[in-house]
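A.B. asks: Shown below is the structure under consideration.
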Amino acid sequence: VAVGPAPVKPPPAPSSLKQSGKRTWKLMWEHGRAWLGPSDEIVVRLACEQVDELASLRRSAAQLKRPELRLKYLRAVQESEKALLQTVSALGFTPTARAKLGLVVAQATETQTRLERFTGRPGRPPSA
């Protein structure tokens, strides 16, 4: 898989995201910069919203006293984790997903390093 030039900086996080989602937004764009592009923004936002929902479910479950109600919340947490794993996999954030995409992090890093050597500037295409 050809890896294009990485954006200079990630797009701004949607204002609707909470703290966990905003942190995840930043990390996903930083760690996935070698393969994420503008068309991935919608799915990255979905993953971040799922992170916020998961954090909220965990907080709620921790505050519950009734075991049967707490168990329901913990099951919801597990389902939310499964959904999040599917979303991050779709974005190439698991080793298996990257392999299916034909991308290895070492290859992405190597491509980025070559691009930076070629342009003389981190994360920018050569000037025309």
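A.B. asks: Name the pairs whose Cβ atoms lie under 7 Å apart, with the first residue in the stretch 49-73 and of a type outside the set (S, T, N, Q), the second open to solvent by 50 Å² or more (accessible area, probe 1.4 Å) and not in a helix (DSSP H, G or I), and 6 or more positions between them or separate chains?
C.D. replies: So the pair list comes out as D52/K18.
A.B. asks: I want to confirm something. Restricting to the stretch 74-85 and keeping residues that are of a type in the set (A, V, I, L, M) and open to solvent by less than 80 Å² (accessible area, probe 1.4 Å), which single residue is farthest from L17 (Cα to Cα)? Steps first, answer last, please.
C.D. replies: So in the stretch 74-85, the residues of a type in the set (A, V, I, L, M) come out as 74, 76-77, 83-85.
Cutting the leftovers down to open to solvent by less than 80 Å² (accessible area, probe 1.4 Å) gives us 74, 76-77, 83-84.
Values: L74: 23, A76: 20, V77: 19, A83: 18, L84: 15 Å.
Applying the filter and picking the extreme gives L74.
A.B. asks: May I pose another question? Taking interchain pairs and intrachain pairs at least six residues apart, which have beta carbon atoms under 7 angstrom, with the first residue in the stretch 8-19 and closer than 13 Å to A47 by Cβ and the second at pLDDT below 95 and part of a loop (DSSP other than H, G, I, E, B)?
C.D. replies: none
A.B. asks: Just the residues that are of a type in the set (K, R), assigned to a loop (DSSP other than H, G, I, E, B) and open to solvent by less than 100 Å² (accessible area, probe 1.4 Å), please, taken from the stretch 6-50. Even if it seems obvious, please write down each step before you answer.
C.D. replies: If we filter the stretch 6-50 for residues that are of a type in the set (K, R), which is where we start, we get 9, 18, 22-23, 26, 33, 45.
In the following step, the residues that additionally are assigned to a loop (DSSP other than H, G, I, E, B) were identified as 9, 18, 33.
Correct list: R33 only.
A.B. asks: Please enumerate the residues belonging to the stretch 51-73 that are open to solvent by less than 80 Å² (accessible area, probe 1.4 Å) and within 23 Å of the chain's Cα centre (by Cα).
C.D. replies: V51, D52, L54, A55, S56, L57
The values are calculated or read from the model by the stated rules, or taken from the named source; none is laboratory data. Not measured: the values here are computed from a predicted model. Reconstructed Cβ throughout: ideal geometry from the backbone, glycine too, with neighbour counts over all protein chains shown. In case anyone asks, the SASA skips ligands and DNA or RNA and just uses the protein heavy atoms, side chains included. Shrake-Rupley method; radii C 1.70, N 1.55, O 1.52, S 1.80 Å.
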